[in-house]
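Note sheet for the following structure.
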Amino acid sequence: MRRPAGIALLLTVLFLLTGLLPACVRVEPEIVGTPTPSASPTPLPEPFTAEITAAPAAVDQLGKRIETEDHYYRYYLSFGDLRVYEYNTGTFLDGICVNAYPQALEGRVNIVYYSEDGRVCGIGTIHTADGGTRLESGRNAVYAEIQTDINVQDRDFVLEVETPFAPAMEEPGETAVGNAGNG
């Protein structure tokens, strides 16, 4: 008898489910028409026109944007083959500075040694062979006499810009064509 009761229950559930099927009919909305907005009595606003209020960004001769005052030092100067040595009673630096900018750059950079407590324990201004601060395009030999009372040969140093580098003004009598062979 259990079988007929289970079958009757199963048939009842199936009958109810088939009764729900017509309720799942898909109905799509009917679009009657698109309403047209009425004319507005107020006029349209004035069209936007961009107004430039800031000065254009400064760029160098190669088109790179100048954003900081150490721009030329950061992007175009590299120091290498730096050698610090003692001779007689002085401490000196010899090295090479490569100026990758197509024009001579002028500025001032110092070699600085700091002690463990942050005090300056040695300093010297880097200069060219003629004692100047003008770095021609290409390789430049650089030198410095380091003012110190201690041996700094095995210490770390930093190069600090004292006067920011900028393109050098042509000397009277120099021309761009005349400088093409230098460097």
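For ILE31 and ILE7, FRET efficiency with R0 = 41 Å and r from the beta-carbon atoms, rounded to 0.05?
For ILE7 and ILE31, the calculated efficiency is 0.25.
Relative to the longest principal axis of the Cα atoms of the chain, the long axis of helix 2-20 lies at roughly 70 degrees.
Note on ASP130 and VAL112: the extension gain reaches 4.3 nm, defined as 0.36 nm multiplied by sequence separation minus the Cα-Cα distance. Put simply, when 40-49, 100-109 are sorted by average Cβ atoms within 10 angstrom per residue, most first, you get 100-109, 40-49.
Report note on the peptides 4-17, 59-72: ranked by the mean count of other C-beta atoms within 10 Å, highest first, their order is 59-72, 4-17.
With each label modelled as a point 7 angstrom along the Cα→C-beta vector, the MET169-LYS64 pair spans 2.5 nm.
I'd like the FRET efficiency for GLU51 and ARG139, computed as 1/(1 + (r/R0)^6) with the beta carbon distance as r and R0 of 41 Å, rounded to 0.05.
Here the calculated transfer efficiency is 0.30.
None of the figures in this text is laboratory data; all of them are computed from the coordinates on show. Predicted, not measured: the structure shown is a model, and the values here were computed from it. Cβ sites come from the backbone with ideal geometry, for glycine too, and all protein chains shown count toward neighbours.
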